[in-house]
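One structure is given below, encoded as structure tokens.
The values are calculated or read from the model by the stated rules, or taken from the named source; none is laboratory data. Since this is a predicted model, take the numbers as computed values, not measurements. Because the Cβ atoms are built from the backbone with ideal geometry, glycine has one as well, and the counts that use them run over all protein chains shown.
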Amino acid sequence: MKNLAFILISLVIAAFFVSAYSQNTEKDIADNVIRLHITAESDSDIDQAVKLKVRDRITSDMAPVLSAAGSKEESEKLVMENMDRIRAAANDELMKNGMSYTAECFLGRSRFPVKTYGDITFPPGEYTALRIILGSGEGKNWWCVMYPPLCFVEGDTVMTDEGKNILKNNMDGDSYSLITESGSDPDIKIKFKIVELFQEFNK
């Protein structure tokens, strides 16, 4: 019983310190990235497939636009200026695939779980995100990062060297090391999961 109590107390203390550290890292990352959040109409095979087609269309259309951005703020401005274009592209893709529903798009703060992109793992928390909701938006989500740029490799989402350099040049060194090392460090992933549970418990 004493051993169990010691373990529980240790976990609580560890969660507290990891949470505090993660919150600082989360803010540092959130100040430098814009994420992409697409929600499907439903979990049916066709709705999930069309969600990915919308993803490919939006990332393809916006990649050259956002390549001109030198900061998160410039990227936010470009996304807002192109919001009608983004919505039109999403709806065009839905129509091409015979969907009767439409897309809603907006830029704002969204909560994300811990997520790994190749060798980079982002901690859970609130991030600025372009949200695209397809139809009723009751299906599974798809997450990505719009800025800094990501690339797709055989269906996987991987941070480009250009994206890593942007993060490295704008983030605190400890934060950058944490998210880049966490991609291959299972202990850090576990700590991020503890933080995620800790945040959920304290909502």
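Would you pick out the residues in the range 54-78 that are buried (at least 17 other Cβ atoms within 10 Å of the Cβ), among the hydroxyl-bearing types (Ser, Thr, Tyr) and farther than 27 Å from Glu41 by Cβ?
Ser75
Out of everything in the range 79-108 that is surrounded by 19 or more Cβ atoms within 10 Å (Cβ to Cβ) and in a helix (DSSP H, G or I), what residue ends up being nearest to the chain's Cα centre (by Cα)?
Val79
Take the range 62-78 and flag every residue that is within 10 Å of Ile34 (Cβ to Cβ) and not in a helix (DSSP H, G or I).
Ala69
Please enumerate the residues belonging to the range 122-155 that are at pLDDT 80 or above and of a type in the set (A, V, I, L, M).
Ala129, Leu130, Ile132, Ile133, Leu134, Val145, Met146, listed by residue number.
Could you list, in sequence order, the residues of the range 40-51 that are touching a strand residue (DSSP E or B) at 6+ places or on another chain (Cβ under 7 Å) and either surrounded by fewer than 19 Cβ atoms within 10 Å (Cβ to Cβ) or among the basic types (Lys, Arg) (or both)?
Lys51
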